[in-house]
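Only one structure is covered here, and it is reproduced in the block below.
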Amino acid sequence: VLLEFLKPGDLLLFSSPTYGGTDHFINHFLPKIGVHTLGFTSEMSEEELYETIQNSEHAGRLTHVHLETPANPTNALIDIEMVRRVVDRIKTEEKVTIAVDNTYMGPLWQHPLKHGADLVMYSATKYIGGHSDLIAGAVLGNAELMVRVKTLRTFLGNMASPHTGWMLLRSLETLKIRMEAMQANAIQVANFLKGHEKVAQIKYLGLIEEGTRNYEIYKNQCSGPGAMVSFCINGGEKEAFKFLNSLKLVKLAVSLGGTESLAEHPKSMTHAGVDDHHLEHIGVTDALVRLSIGVENYEDLIWDISQALDQVTIPSGELV
Ligand SMILES: *Cc1c(COP(=O)(O)O)cnc(C)c1O
């Protein structure tokens, strides 16, 4: 999508944080082919976003927007309708395409096309595949845009194999019940983590404080909190590693959205390709742990997470 909708000299607007591989492609590959990039975070207001684009050197060449909401790995939310308004104000003649990476919400809990996006993208490796046994992606949009995506795909040769296609069809049969079971478990896990003394901060859509701007975006855009739970452990890398290495049932691995629960350390794993100075700014700290909650019995998951947290010693003087 990025290669089809951008050309040298164009400006790409993107939300940050975004999946580590996407971030690397945007910040390290696109500049090599002369595409200008401008990142923004969920903290920016409508006016601030407008000003930021207007004040950039290349506002007149804004052609494409890449959004990831909720963002991997912090669950930060971007208001898609707000971004649509801003880019339409900036480019009144031609239409700017907005693509949303909807991987975190699967096809179930968020429908970006209804909120002003032109394209929706999925890592089908995640919820859609759902069994951590295939790698695929999906893009959806109107016929005019999809012809462009499909044509470039033919030249790049990155279509899925027949076997992957067959496995995806198998997986679609259970997509909804898997996702609902995972979400129900995640709500239990998040509630357990919420009050825990070893947990400094929890980033879960189901726990966003009412009355905040984030809560409004969540209510307008998502139909459920999903099954991705991130939290900051009380401490830093040492404590996060101790927790991860103490898990017995939850596996230490990247990827997400599969039937089995996974835990990982974004800073050193999925987001290792993101520039260091940038990581702190977007909330990907040494203390951050990401959980993808699966379909197991939630009591087993809480037992495991609880015993792993018990293994962590909070560093003295660093109680948050
Ligand atoms: C995993 C992931 C990707 C990349 O997907 P692959 O199928 O592994 O190539 C892109 N975006 C998000 C949000 C992801 O979680």
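The values are calculated or read from the model by the stated rules, or taken from the named source; none is laboratory data. From a predicted model like this one, the values you see are computed outputs, not experimental measurements. Neighbour counts are summed over all protein chains in view; Cβ atoms, including those assigned to glycine, are modelled from backbone coordinates with ideal geometry. Side chains included, ligands, DNA and RNA excluded: accessible areas come from the protein's heavy atoms. Shrake-Rupley method; radii C 1.70, N 1.55, O 1.52, S 1.80 Å.
Tabulated data for the structure shown
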{"quantity": "Residue-level accessible surface for residue 246, protein heavy atoms, 1.4 Å, Å²", "calculated": "20"}
{"quantity": "Cα-centre dipole for the chain with unit charges at Cβ (Lys and Arg positive, Asp and Glu negative), debye to 20", "calculated": "880"}
{"quantity": "Hydrodynamic radius by Kirkwood, which averages 1/r over all alpha carbon pairs of the range 126-248, in angstrom", "calculated": "17.9"}
{"quantity": "Unit charges on C-beta of K, R, D, E only; dipole of the range 2-169, Debye", "calculated": "620"}
{"quantity": "Along the chain, longest interval not containing exposed GluC sites (Glu not before Pro), exposed being DSSP loop plus at most 12 other Cβ atoms within 10 Å", "calculated": "211-317"}
{"quantity": "Lys/Arg +1, Asp/Glu -1 at C-beta; the range 178-320 dipole; positive extreme among 192, 212, 293", "calculated": "293"}
{"quantity": "Accessible surface, per residue, of the range 1-51 when the full set of protein chains is kept, probe 1.4 Å, Å²", "calculated": "42"}
{"quantity": "P(r), alpha carbons of the range 2-169 - 10 Å bins starting at zero, rounded %", "calculated": "10, 38, 38, 12, 2"}
{"quantity": "Cα-projected label distance for residue 269 with residue 281, points at 7 Å along beta-carbon direction, nm", "calculated": "2.6"}
{"quantity": "Cα-based helix-to-principal-axis angle, 162-172 vs the chain, degrees rounded to 10", "calculated": "60"}
{"quantity": "Distance in nm between pseudo-label sites at residue 201 and residue 316 (7 Å out along the Cβ direction from Cα)", "calculated": "2.6"}
{"quantity": "Farthest toward positive dipole pole in the chain [+1 Lys/Arg, -1 Asp/Glu at C-beta], among 16, 131, 115", "calculated": "131"}
{"quantity": "Whole-Hz ³J(HN,Hα) from phi, Karplus 6.51 cos²θ - 1.76 cosθ + 1.60, for the range 188-205, glycine and proline x", "calculated": "5, 5, 4, 5, 5, 5, 3, x, 6, 5, 8, 9, 8, 7, 10, 10, 9, 4"}
{"quantity": "Listed residues 101, 276, 10 arranged by accessible area, highest first, probe 1.4 Å", "calculated": "276, 101, 10"}
{"quantity": "Inverse mean reciprocal Cα-Cα distance (Kirkwood Rh) of the range 73-125, Å", "calculated": "12.0"}
{"quantity": "Nearest-ten-degree value, helix 46-55 long axis tilted from longest Cα axis of the chain", "calculated": "50"}
{"quantity": "Nearest-ten-degree value, helix 80-90 long axis tilted from longest Cα axis of the chain", "calculated": "30"}
{"quantity": "Binned Cα-Cα distances of the chain, short to long, each 10 Å bin given as a whole percent", "calculated": "6, 26, 34, 23, 9, 1"}
{"quantity": "Max mean-square fluctuation residue, GNM over the chain, Cα-Cα springs under 10 Å, options 195, 116, 206", "calculated": "195"}
{"quantity": "Rounded to the nearest 20 debye, dipole of the range 1-48 from Cβ charges on Lys, Arg, Asp, Glu", "calculated": "380"}
{"quantity": "The range 175-310 - convex hull of alpha carbons, volume per residue in Å³", "calculated": "113"}
{"quantity": "Ratio of the Cα radius of gyration of the range 22-86 to 2.2 N^0.38 Å, where N counts its residues", "calculated": "1.15"}
{"quantity": "Accessible surface of the range 2-169 [probe 1.4 Å, protein heavy atoms]: carbon and sulfur percent", "calculated": "57"}
